[in-house]
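Trainee: First the structure, then my questions, so here it is.
The values are calculated or read from the model by the stated rules, or taken from the named source; none is laboratory data. Predicted model, so just to flag it, every value in this text is computed and none were measured. So basically every Cβ, Gly included, is an ideal-geometry build from the backbone, and we count neighbours across all protein chains shown. These area figures cover heavy atoms from the full protein model, side chains too; ligands, DNA and RNA do not enter into them. Shrake-Rupley method; radii C 1.70, N 1.55, O 1.52, S 1.80 Å.
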Amino acid sequence: MWLLLAFCSAALLGFYDVFKKKSLAGNAVLPVLGLNTLFSTLIFLPFILVSALCPEWLADSLFYVPSVGWEVHRFILLKSLIVLSSWVFGYFGMKHLPLTLVGPINATRPVMVLLGAMLIFGERLNLWQWAGVSMAVISFFLLSRSGRKEGIDFRHNRWILCVVAAALLGTVSGLYDKYLMGQFNHMVVQAWYNVYQLFLMGGIILLLWWPKRKTSTPFHWSWCIVFISLFLCAADFVYFYALGMEDSMISIVSMVRRSSVVVSFLFGAMVFREKNLRSKAVDLVLVIVSMLFLYMGNQMK
C-alpha cells in the first residue's frame, strides 16, 4: 500500500514541478515562494482550527490535527528550516535551468537518501533494488553529458550548484521525515511546518526582496502559483501518510517519488519546447527502469 501511495505522490510532484517552472518564468523567485507558503498554510489552517475548536468533527479522520506542546513543535520548526532552505536553492535553480535537466537531477536525490537510510535506519536492499539504484547513479553522469551540450558545466554553473544544494538539503529532510513519522502524527507535522515556513519566508521577503524589489526582477501574478501549493500539499499528504506505515522504507519511497521526472519531462518537451531531448530521453528511460526494478524488488520481499 505504501508503495502505491509513493507512486501517487510522485505523479502529484511532477505537476508541482511543472507549475513551479511556469510560475518562475520571468518572475521574482522569493515572492513566488512566499505565496506558495501562504497558500499551503491556508490549505491546512482550517484543519488546525477545527481540530482545536471542534475536535469531534475530525477526530476519526485522516485530517485531524492533535494538540501538541513545544517538545514536538521544536522538531517541526527544524523541519521547516531544512525544507525552506532546500526550496530557496531549488527555486533559483529551477528558474534558470531547463526543466528537462532539473527533473532528472532531482531524480538522483534518493541515492543519497539510500545511503543515509542504510546508515541511520539500518535499511537493506535486495539485488533488484540495488540494480535500480545503480541505474539512477548512471543516469546522473549521463545528465552531465546532456548539460554540456547546452553549454551548462555541472562543475562551475551556479544554478546547477543551487539544484545540488537543494538536493542535499532535500536528502536531510527525507531522512528526518522518516524519524518524524515514527514519532509524531503526520497531520501535525505537515500542517504546522507550513505555518512555520510562512513566518520564516515572510522574514526573508521583508529583509532580502522588499528593499530591492524595484531594482531586481519584477514580480507578476500567475494563477499557476496557486496550483504549486495545491499539488505540493496533496503530494506531501500522501507521502507523509505512506511514511507513517509500519513497514515503509524511506529509501524506496524517496526513490519512487523521483519518478515525478516523467511528468515534468513530458511537459518540458511539449509545453516549454526545451532542447536536446533525445539525449535526455535516454537518461529518463534509465530513471524509469530503475523505478521498475525498485518496484519488483519490493514485491519480492
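Trainee: In segment 45-61, which residues are in contact with a Phe, Trp or Tyr (Cβ under 8 Å, 6 or more places away or on another chain) and either in a helix (DSSP H, G or I) or aromatic (Phe, Trp, Tyr) (or both)? Let's see the steps before the verdict.
Mentor: Initially, segment 45-61 is screened for residues in contact with a Phe, Trp or Tyr (Cβ under 8 Å, 6 or more places away or on another chain), giving 47-48, 50-51, 55, 58.
The answer is 47, 48, 50, 51, 55.
Trainee: Next up: Which residue is nearest to the chain's Cα centre (by Cα), if the candidates are limited to segment 14-71 and must be among the charged types (D, E, K, R) and within 30 Å of residue 163 (Cα to Cα)?
Mentor: 17
Trainee: So residue 60 passes all but one of these: (1) farther than 22 Å from residue 200 by Cα; (2) surrounded by fewer than 22 Cβ atoms within 10 Å (Cβ to Cβ); (3) touching a helix residue (DSSP H, G or I) at 6+ places or on another chain (Cβ under 9 Å). Which condition number does it fail?
Mentor: (3)
So that you can scan it fast, the table gives a plain yes or no per residue for (1) at pLDDT below 85; (2) surrounded by 15 or more Cβ atoms within 10 Å (Cβ to Cβ); (3) not in a helix (DSSP H, G or I):
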| site | (1), (2), (3) |
| --- | --- |
| 103 | yes, yes, no |
| 152 | yes, yes, yes |
| 173 | no, yes, no |
| 187 | no, yes, no |
| 196 | no, yes, no |
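Trainee: Follow-up. I need the full set of residues from segment 157-171 which are part of a helix (DSSP H, G or I) and not small (Gly, Ala, Ser), in order please. So that I can check it myself, show each step before the final result.
Mentor: Of the residues in segment 157-171, the ones part of a helix (DSSP H, G or I) are 158-171.
Of everything in segment 157-171, those that are part of a helix (DSSP H, G or I) and not small (Gly, Ala, Ser) turn out to be 158, 159, 160, 161, 162, 163, 164, 168, 169, 171.
Trainee: Given (1) hydroxyl-bearing (Ser, Thr, Tyr); (2) in a helix (DSSP H, G or I); (3) surrounded by fewer than 21 Cβ atoms within 10 Å (Cβ to Cβ), identify the lone condition not met by residue 239.
Mentor: Unmet condition: (3).
Trainee: Taking the stated definitions as given, is residue 173 more than 20 Å from the chain's Cα centre (by Cα) and of a type in the set (Ser, Thr, Tyr)?
Mentor: Working: more than 20 Å from the chain's Cα centre (by Cα): no; of a type in the set (Ser, Thr, Tyr): yes.
Criteria not met by residue 173.
Trainee: Could I ask something else about it? Which one is farthest from residue 245 (Cα to Cα), of the residues in segment 201-214 that are open to solvent by 50 Å² or more (accessible area, probe 1.4 Å) and touching a residue at least 24 places away in the same chain (Cβ under 8 Å)?
Mentor: Taking the candidates together, the pick is 213.
Trainee: Looking at residue 255, is it at negative phi, of a type in the set (A, V, I, L, M, F, W, C), touching a Ser or Thr at 6+ places or on another chain (Cβ under 8 Å) and modelled with pLDDT under 85?
Mentor: Working: at negative phi: yes; of a type in the set (A, V, I, L, M, F, W, C): yes; touching a Ser or Thr at 6+ places or on another chain (Cβ under 8 Å): yes; modelled with pLDDT under 85: yes.
Criteria met by residue 255.
Trainee: Within segment 223-232, identify whether any single residue is open to solvent by 50 Å² or more (accessible area, probe 1.4 Å), at pLDDT 80 or above and not in a helix (DSSP H, G or I), and answer yes or no.
Mentor: Yes: one or more hits.
Trainee: Between residues in segment 20-45 that are under 14 Å from residue 233 (Cβ atoms) and residues that are open to solvent by 20 Å² or more (accessible area, probe 1.4 Å) and not small (Gly, Ala, Ser), which pairs lie under 7 Å by C-beta distance while being six or more apart or on different chains?
Mentor: 37/198; 38/198; 39/226; 41/198
Trainee: Just need a number here: residues in segment 205-221 that are among the β-branched types (Val, Ile, Thr) and modelled with pLDDT of 90 or more.
Mentor: Of the residues in segment 205-221, 1 are among the β-branched types (Val, Ile, Thr) and modelled with pLDDT of 90 or more.
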